[in-house]
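Reading through the structure tokens given below for one structure.
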């Protein structure tokens, strides 16, 4: 899921063959396509935030998380891992599901993510969460804009960033087994850098993939949703890692 667009989409033009074309700048189809991706992504983030905030303010959060520490119980763990199941369905069922089904799965993913992230309102102050969110949004917009307009081919970034992401996951597992405050800070710093790079890389990949799927109707809509999910994941992971630095604990 994290390595760009699904290879089952067929041959795709590399960024090097599409970046810098004068026609790209005035391609109304490309602008419309990218706008749909950003609309899905932004709507998903907004839905997640609303669900997280409302659920945290309700009594229901105690059914998933410890109201003092924010630690998940058994049901909470199920909710936390549910988004992964939805991502796997979207990824491996890509060729079999319709665009409408993909859209429903995307909204379900954003909703469940909201439930799983509601615990941050137990652990951090609302003001620091808001500040971190706006800092993440500003960084994301800058990075995504750069990924869209740059003439530099970012294809080579993919493998490097994914290797870094794998190493980050290993470090996170080890930090759970042998907790360390300094390791947590190092993981957060590296995580911010990795997902900052992935934001630019994904944006360029989504832009390039448009030329392979334009005019394909249902396929193009599914690919747009897939791209929005990639950007959503980059945004939310960058937000959570930044929150470790900027969040004021209760």
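Considered as a group, the residues in the stretch 50-70 that are assigned to a helix (DSSP H, G or I) and buried (at least 19 other Cβ atoms within 10 Å of the Cβ) include one that is modelled with the lowest pLDDT, and that residue is 61.
For the stretch 94-130, the set of residues classified as farther than 21 Å from residue 225 by Cβ and either under 19 Å from the mean Cα position of the chain (by Cα) or surrounded by fewer than 16 Cβ atoms within 10 Å (Cβ to Cβ) (or both) consists of 118, 119, 120, 125, 126, 127, 129, 130, listed by residue number. Looking across the stretch 160-218, the residues that are more than 22 Å from residue 102 (Cα to Cα) and not in a helix (DSSP H, G or I) come down to 178, 179, 180. Of all the numbered requirements in (1) modelled with pLDDT of 90 or more; (2) more than 30 Å from residue 68 (Cβ to Cβ); (3) surrounded by fewer than 16 Cβ atoms within 10 Å (Cβ to Cβ), residue 154 misses one, and that requirement is (3). In the set (1) more than 20 Å from residue 75 (Cβ to Cβ); (2) touching a strand residue (DSSP E or B) at 6+ places or on another chain (Cβ under 9 Å), the condition left unmet by residue 101 is number (2). Would the stretch 10-28 turn up any residue that is on the phi > 0 side of the Ramachandran plot and either buried (at least 17 other Cβ atoms within 10 Å of the Cβ) or at pLDDT below 75 (or both)? Within the stretch 10-28, one or more residues are on the phi > 0 side of the Ramachandran plot and either buried (at least 17 other Cβ atoms within 10 Å of the Cβ) or at pLDDT below 75 (or both).
Taken together, the criteria exclude residue 209 from residues that are closer than 20 Å to residue 43 by Cβ and buried (at least 20 other Cβ atoms within 10 Å of the Cβ).
Candidates are the residues of the stretch 34-49 that are touching a helix residue (DSSP H, G or I) at 6+ places or on another chain (Cβ under 6 Å) and surrounded by fewer than 20 Cβ atoms within 10 Å (Cβ to Cβ); the one that is nearest to residue 141 (Cα to Cα) is 36. Residue 173 meets the conditions (1) more than 25 Å from residue 46 (Cα to Cα); (2) in contact (Cβ under 8 Å) with a residue 60 or more places away in the chain in every case but one. The failed one is (2).
The values are calculated or read from the model by the stated rules, or taken from the named source; none is laboratory data. Note that this is a predicted model, so its numbers are computed, not measured. Counting neighbours? That spans all protein chains shown, and the Cβs are built from the backbone with ideal geometry, glycine included.
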